[in-house]
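The values are calculated or read from the model by the stated rules, or taken from the named source; none is laboratory data. Since we're looking at a predicted model, the values are computed, not measured. Note that we place each Cβ from the backbone using ideal geometry, even for glycine, and neighbour counts take in every protein chain shown. Only protein heavy atoms, including side chains, enter the accessible area calculation; ligands, DNA and RNA are left aside. Shrake-Rupley method; radii C 1.70, N 1.55, O 1.52, S 1.80 Å.
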Amino acid sequence: MGMGKDTYSGDFFWPSLILMSMIAGCSALLNHSILLLFLSISLLLTYEYDNCKLRLSKACEVSLKEEDIEDIRGYHASLTDLVEHVCSLMSKHVAAGYVSSFLIVCFCLYSLINDDKSFLEIAIAAAAVYFSILHLIALTYTGVRLHEAAHQPLNILHDLAGRNMPDRVIGLVTVFTNKLSQRQIGISALGLMTITKDMILTIIGTLLTYVFIVIQFKPNSSDGCRQAGNTTAI
């Protein structure tokens, strides 16, 4: 009876494992496809922000008019509303992309540092780390690029200080400057963080700290030999 149960459970083990692997692979592919679409949209929005900055710089080369600054400010506000709407729809996928990539990198690094593996296992783990880091770089670079492009008009607006302009234009420039200074425009993960340049240092520091901790707690072969020698002596 025991052998019959083991055979019965063994018959369903591999099909269940294959089914779970297929489901996990399909979900990962879907998430990565959605993220790829999101990154493409973010790059297009970045291009539009660059055009907005170019229009503002050209308008400032001559006498800045009220209708020019109002039109550029409204265009920038429309782009910002579109960014916030897209990010509200995609924030869960961005957070899932960061969490999954971090977990894969940490697990593979821990396995490579602490376990003795064959060449094939090392190659698979290295490939997983490579693609996960590429995923992190793509998300972070796109987020930083969008954030920088959205706030580029600030430098031009600050340069306008002291110029002789009508009061109405000065008021519009002040409102535009305050909105850009007080808002973090960019890609966010569940509203917990906005991807900026500071996040690059945070990611690098976290990964390096994790590697140092894993190396520090790695079992030392010399300690093992010392313990074996003490046991023999006792």
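Go through Ile213, Ile185, Ile200, Ile170 for me and flag whichever is at pLDDT 80 or above and more than 28 Å from the chain's Cα centre (by Cα).
Ile170
Being free of Cβ contacts under 8 Å to residues at least 12 places away in the same chain, closer than 16 Å to Ile69 by Cα and exposed (fewer than 14 other Cβ atoms within 10 Å of the Cβ), is that true of even one residue in the range 144-155?
The answer is yes; a qualifying residue exists.
Filter the range 167-195 for residues that are open to solvent by 80 Å² or more (accessible area, probe 1.4 Å) and touching a Lys or Arg at 6+ places or on another chain (Cβ under 9 Å) and give the result.
Lys179, Leu190
Please name all residue pairs, on different chains or six or more residues apart, with Cβ atoms under 9 Å, provided the first residue is in the range 114-137 and is farther than 11 Å from Ser101 by Cβ and open to solvent by less than 60 Å² (accessible area, probe 1.4 Å) and the second residue is in a helix (DSSP H, G or I) and not acidic (Asp, Glu).
Asn114/Val214; Ala125/Phe107; Ala125/Cys108; Ala125/Leu109; Ala125/Ser111; Ala125/Leu112; Ala126/Cys108; Ala126/Leu112
Which members of the range 63-104 meet the condition of being more than 14 Å from the chain's Cα centre (by Cα), open to solvent by less than 50 Å² (accessible area, probe 1.4 Å) and hydrophobic (A, V, I, L, M, F, W, C)?
Leu64, Ile69, Ile72, Ala77, Leu79, Val83, Val86
In the list Ser118, Ser27, Ser63, Ser33, which residue meets the criterion of being modelled with pLDDT under 80 and under 30 Å from Ile170 (Cβ atoms)?
Ser63
Please count how many residues of the range 135-167 are within 15 Å of Ala59 (Cβ to Cβ), modelled with pLDDT of 85 or more and aliphatic (A, V, I, L, M).
Final tally of qualifying residues: 0.
For the range 71-94, does any single residue satisfy the condition of being over 28 Å from Ala138 (Cβ atoms) and in contact with a Leu (Cβ under 6 Å, 6 or more places away or on another chain)?
Scanning the range 71-94, I find at least one residue that is over 28 Å from Ala138 (Cβ atoms) and in contact with a Leu (Cβ under 6 Å, 6 or more places away or on another chain), so the answer is yes.
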